[in-house]
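Data block below; observations after.
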Amino acid sequence: MKSFISLFVISSLAALCSVAEAKSVTGDQVLVLLDNLAQKDSYSRLWETLQDRDFKLDFKSAVDGETSLYYFGRPLYQHIIHFAPTTASLSKHKNLGNVELVKFVNGGGNLLVGVSSDASNGVRELASEFDIEFEPAGTRVFDASSTNSNANDKDSITTSQVVAPQSIIPKDFSSAPIVYSGVGLTVGSLPLVNRVLSAEDTAFVAERFGKNKPSKNPVDLIGAMQTRNSARATFVGSLDIFSDALFSSPVEKVQKDGDVVKFEKSGNEEFVSELTKWTFQEKSVLKVISHYHHKENHTEQPEFYRVKDDMVYTLEISEYENDHWVPFKANDVQLEIIMLDPYIRTTLKQVPVAPEHHYGRFKAHVQLPDVYGVFTFRVNYKRAGLTYLSAEDVVAIRPFRHNEYPRFLTAAYPYYASVGSMIVGFLVFSAVWLSTWGGRNLDVSEKKTN
């Protein structure tokens with residue numbers, strides 16, 4: 001029994017250590033689902049890249065009925081690579097079906113899905129759960145103006161239209177265009193969904209290459225969602241974009257002036273590297289180190305405030321970047337002071353911190369509202385591509401005590417003046433009246449005496 005407990009403790013510590021050493025903040029266990037395990041060699045450079053980043057890959061066939069995401073209620077994987085678009089039965093799998101994959105993401109797991117033009121209805125339904133719709137079955141994306149001249153057919157196109165926020169794909173990731181061969185997709189209107197890669201303006205969707213028919217809307221190729229719990233799901237309309245063949249494919253780029261620039265290899269490898277880093281939460285991850293508040297010229301946080309008190313609110317945020325936590329920099333972090341509705345909304349200003357600190361510090365000097373009650377100090381920071389931040393403090397604000405009111409009110413000065421003028425007028429009138437009182441009777445009496 002003791003040996004069993006010791007084995008359990010050692011295995012638990014090993015699991016914790018593996019998560020702590022992982023370059024992803026959520027863990028290093030990746031489940032790779034393939035239509036056929038023989039396809040594994042087609043993406044060898046992708047697997048090497050992930051393994052170099054300390055990920056542990058577990059390859060499974062999509063038809064393997066024994067594969068499970070959990071062991072006694074605990075997740076076995078933190079990330080899933082879904083490269084099995086043609087296995088129709090996968091959507092009904094007891095452990096890997098669409099319902100289970102959605103639950104996996106809701107539980108904080110990350111999902112990367114690649115499809116082809118013959119994708120099954122099951123993977124299309126999975127994408128629709130994340131407000132992403134693939135183009136009809138049998139169609140592909142074509143572009144006569146930006147077709148890869150090194151390809152044997154017209155199925156491959158080139159594009160440089162990276163439309164994702166900088167937090168997902170940096171603009172300077174590569175100067176070479178991306179080679180793409182696959183289906184298009186449509187990104188919905190949910191604010192949680194982001195467009196990542198689009199085709200050139202001359203691209204169109206059709207069942208076969210023919211007359212150029214430009215689409216009214218841009219043809220999107222990759223879409224991604226970051227859910228409310230900051231889990232990430234990315235849908236790519238091409239499996240070939242991850243392949244060794246397109247990683248090393250020579251490519252040409254036509255400049256605006258008509259000159260043709262040739263590249264020895266495409267920008268696929270660099271693009272996929274940045275895309276997987278974001279999907280697996282190796283970058284653009286934020287966390288709140290601390291948040292506190294106190295009265296102006298004080299250091300301790302009080303149990304309650306008084307109306308119209310001057311207070312200081314401080315928030316410290318770190319960003320995960322290049323395998324380290326570094327200070328987060330921004331100029332749009334806002335503080336809200338709320339009681340049902342926001343009474344105050346102000347922008348926090350970043351202040352300098354010591355070089356050894358791994359967080360950015362933001363401060364706001366605020367005068368509390370002239371309303372008493374129970375308020376919430378809330379920072380709700382949501383930006384495309386960055387994990388969401390929420391920091392809240394519930395604070396009571398009391399009214400003035402009877403001896404804390406000002407003795408004289410500026411707004412009442414006109415009333416004070418009117419009272420004073422009445423008093424002065426009354427005194428002047430009384431003085432005049434008293435000084436003349438009895439004078440007439442005295443004059444009458446003097447006349448009678450004479």
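The values are calculated or read from the model by the stated rules, or taken from the named source; none is laboratory data. Everything numeric in this text was worked out from a predicted model, so none of it was measured. When we count neighbours, we look across all protein chains shown, and the Cβ atoms used for this are built from the backbone with ideal geometry, even at glycine. Surface areas here come from the heavy atoms of the whole protein model, side chains and all, with no ligands, DNA or RNA. Shrake-Rupley method; radii C 1.70, N 1.55, O 1.52, S 1.80 Å.
For (1) surrounded by fewer than 24 Cβ atoms within 10 Å (Cβ to Cβ); (2) within 21 Å of T279 (Cα to Cα), each residue gets a yes or a no:
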| position | (1), (2) |
| --- | --- |
| P170 | yes, yes |
| V179 | no, yes |
| G182 | no, yes |
| L192 | yes, yes |
| F209 | yes, no |
| N217 | yes, no |
| A224 | no, yes |
| G237 | no, yes |
| S249 | yes, no |
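Select, from E303, E336, E319, the only residue that is in contact (Cβ under 8 Å) with a residue 24 or more places away in the chain, of a type in the set (D, E) and touching a Pro at 6+ places or on another chain (Cβ under 7 Å).
The match here is E336.
For the stretch 356-381, which residues satisfy the criterion of being closer than 29 Å to W325 by Cα, surrounded by fewer than 17 Cβ atoms within 10 Å (Cβ to Cβ), charged (D, E, K, R) and in contact (Cβ under 8 Å) with a residue 12 or more places away in the chain?
K363
For every residue, the table says whether it meets (1) over 24 Å from the mean Cα position of the chain (by Cα); (2) outside any loop (DSSP other than H, G, I, E, B); (3) among the hydroxyl-bearing types (S, T, Y).
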residue	(1), (2), (3)
H82	no, yes, no
P85	yes, no, no
N95	yes, no, no
F104	no, yes, no
V113	no, yes, no
R124	yes, yes, no
A127	no, yes, no
D155	yes, no, no
T158	yes, yes, yes
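I'm trying to understand the selection: among the residues of the stretch 104-122, which are surrounded by fewer than 19 Cβ atoms within 10 Å (Cβ to Cβ) and closer than 22 Å to P75 by Cβ?
Residues satisfying the conditions are N106, G107, G108.
Considering only the stretch 310-337, state which residues are closer than 23 Å to G373 by Cα and open to solvent by 20 Å² or more (accessible area, probe 1.4 Å).
Matches in the stretch 310-337: D310, Q334, E336.
Is it the case that some residue within the stretch 71-78 is of a type in the set (A, V, I, L, M), at pLDDT 90 or above and open to solvent by less than 40 Å² (accessible area, probe 1.4 Å)?
No, the conditions are met nowhere in the stretch 71-78.
From (1) open to solvent by less than 70 Å² (accessible area, probe 1.4 Å); (2) at pLDDT 95 or above; (3) not hydrophobic (A, V, I, L, M, F, W, C), pick out the condition that doesn't hold for G438.
Here G438 clears every test but (2).
Please work out if D54 is in a loop (DSSP other than H, G, I, E, B), open to solvent by 30 Å² or more (accessible area, probe 1.4 Å) and touching an Asp or Glu at 6+ places or on another chain (Cβ under 6 Å).
It is true that D54 is in a loop (DSSP other than H, G, I, E, B), open to solvent by 30 Å² or more (accessible area, probe 1.4 Å) and touching an Asp or Glu at 6+ places or on another chain (Cβ under 6 Å).
Restricting to the stretch 138-153, and then to whatever is more than 35 Å from the chain's Cα centre (by Cα) and surrounded by 14 or more Cβ atoms within 10 Å (Cβ to Cβ), can you tell me which residue is modelled with the highest pLDDT? Write out each step before concluding.
First pass over the stretch 138-153, keeping only residues more than 35 Å from the chain's Cα centre (by Cα): 144-145, 149-153.
Still in the list and also surrounded by 14 or more Cβ atoms within 10 Å (Cβ to Cβ): 144, 150-151.
On the way: A144: 73, N150: 51, A151: 48.
Checked the stretch 138-153; the qualifying residue modelled with the highest pLDDT is A144.
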